[in-house]
Amino acid sequence: MMARRQLMRILLLCLGAALAMAIVAAGFARAGEDQAGTTGASFLSLGAGPRILSMGGATLGLGNDLAAGSWNPAALGWMDQGTVMLSHSSLDNGSLQEWAAMGGKLNSSGTRWSLSGLYQGDGSFEGRDASNNSTGSFSVTSFAAGAQVAQQFGDRLTIGFGLKTVMEKLPDVFGIGTTFDGGVQYHQGMVSAGAAFQNLGGHMSYQGAVYPFPTNYGVGLALTHARTGLSVAIDANFPNAYANDIRAGAEWRWKDVLALRAGYRHEMSDITDDPLNGPTFGLGAGTNGFWLDYGYLVSGNQDGQHRLAITFYPGRWGGLGSDPYGQGDIPNDFDKPTKKTPLIGPPTPPDLKK
C-alpha cells in the first residue's frame, strides 16, 4: 500500500513538473522566432541519434549514451562501458546527415569522455545570376567535430561539458567557429531530471561576416520503471532563433534485446505546417555487443525522415562472458565453503559430500 502511494506521489510530481514546463514554454513561445535565419551553422539544431529522435527528441533528463551526450553532455556520466556509434539519416529536403562517436570511462574513475563528428551534405544547387543565367552548380556541406567530458558525483548527479569546432562550405565562402555545450542530470529512484545548453558562446566567421550560433536552453524530466522496462520523458526547449518547443516520448525495453519507441514534437509557432512538428516512431534490437536503432520522423509538411544507427559495445564481444550458463546465479550446498571450494555451480552430488 505504501509503495502504491509513493508511486502515485511520483506520478503526480512528474505531471505537475511537465505541466509547468509546458506553461513556461507556451508563455515565451515566440521569444526567439523573430531571430530565425540570423544564425550560422543552423544544421546543429537538427540533432542526431534515432533513439532520441524517435522519442520526439525528449532526452535531457533520460539519456545515458553517446547520442544523448550530444544533447546533454551530462548523460555521458551514466555510461558503464566503452561504446562506438555510427548513424545515418536521410533528411526530408534530400540532404544526408552522418554522425559518429566513441567514448567510455576514464580508467576506474567517475569520469567519462567522448569524441564525435557530424557531417551534413545538402547536395548540389544550380547558381543563377540577376538575368537568370546559369552560373554553374555548387554544393553546401557542413561539419562539426566535438569532445565531451562528464563527471559523476555519487550515484545521483552528473555534470558534463563539451566543445565543438564547426566548419561550413558555402558558395565561394568558408565559415569556421567554436562553441560550447553543457548540462546536468540528477537521478532519484524512478525520477530523473536534466538541464542543458547547446551551442553557447563563440560565433561563425565567414570571411569577415560574423554570425552567432543557434543557441538552445532546455530542461527535461523522465520517469523510468525498471521492472516493466518502460520510460517516459518530456522536454521543454528555448532556442534563441526559433520558436520554443515541447517534446515528449516513451520507450519500452524487453530484456535489453528489443525496444519500441514513440514520441511527438510540437513547435510553439504560428506556422500550421511547421516541418519540425509531428509524431515520431522507432525501434531497436541487439545482442552480444551490437545494437541497431531505427527512427522515422513525420514532419508537419507530411515529409518523413529515416534515421539508422548501429552501436558497438566492444566489452561484450566475448560472448556471454566467463559464466555462459549463468551458474553464478545457482547457489551450491557446501556446508563450509573455503577458498578451494567455489561458490558457484549446481548442487554438489551426494556421493561427493562424503
| note | Residue by residue through region 230-246, the couplings from Karplus 6.51 cos²θ - 1.76 cosθ + 1.60 with θ = phi - 60°, in Hz, x for Gly and Pro, are 9, 10, 10, 8, 9, 10, 10, 10, 10, x, 8, 9, 6, 5, 5, 8, 10
| message | If you roll a 1.4 angstrom probe over the protein chains with everything in place, what fraction of the accessible area of region 135-276 belongs to carbon and sulfur, to the nearest %? | response | 66 percent
| note | The set of residues whose placed amide H lies less than 5 Å from the amide H of Leu230, leaving out same-chain residues fewer than 5 positions away, is His225, Arg253
| said: Sort 218-225, 290-297 by packing, meaning the average of other beta carbons within 10 Å per residue, with the highest value first. | reply: 218-225, 290-297
| message | Sort 239-246, 151-158, 183-190, 80-87 by packing, meaning the average of other beta carbons within 10 Å per residue, with the highest value first. | response | 239-246, 183-190, 80-87, 151-158
| request: Give a residue-ordered list of calculated ³J(HN,Hα) values for region 146-156 (Karplus: 6.51 cos²θ - 1.76 cosθ + 1.60, θ = phi - 60°; whole Hz; x for Gly, Pro). | output: x, 9, 10, 9, 9, 10, 9, 10, x, 10, 10
| said: Modelling each spin label as a point 7 Å along the Cα-to-Cβ direction, I'd like the Val257/Leu230 distance in nm, to one decimal. | reply: 2.1 nm
| said: Please list, ordered by chain and number, the residues whose modelled amide H lies under 5 Å from the amide H of Leu163; skip anything fewer than 5 residues away on the same chain. | reply: Ala147, Asp181
| message | I'd like the distance between the alpha-carbon centres of region 45-76 and region 247-263, rounded to an integer number of Å. | response | 13 Å
| message | Residue by residue through region 262-268, what is 3J(HN,Hα) from phi via Karplus (6.51 cos²θ - 1.76 cosθ + 1.60, θ = phi - 60°)? Round to whole Hz and write x for glycine and proline. | response | 7, x, 8, 10, 10, 8, 7
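The values are calculated or read from the model by the stated rules, or taken from the named source; none is laboratory data. These figures come from a predicted structure and were not determined experimentally. Reconstructed Cβ throughout: ideal geometry from the backbone, glycine too, with neighbour counts over all protein chains shown. SASA here: full protein model, heavy atoms, side chains in, ligands and nucleic acids out. Shrake-Rupley method; radii C 1.70, N 1.55, O 1.52, S 1.80 Å.
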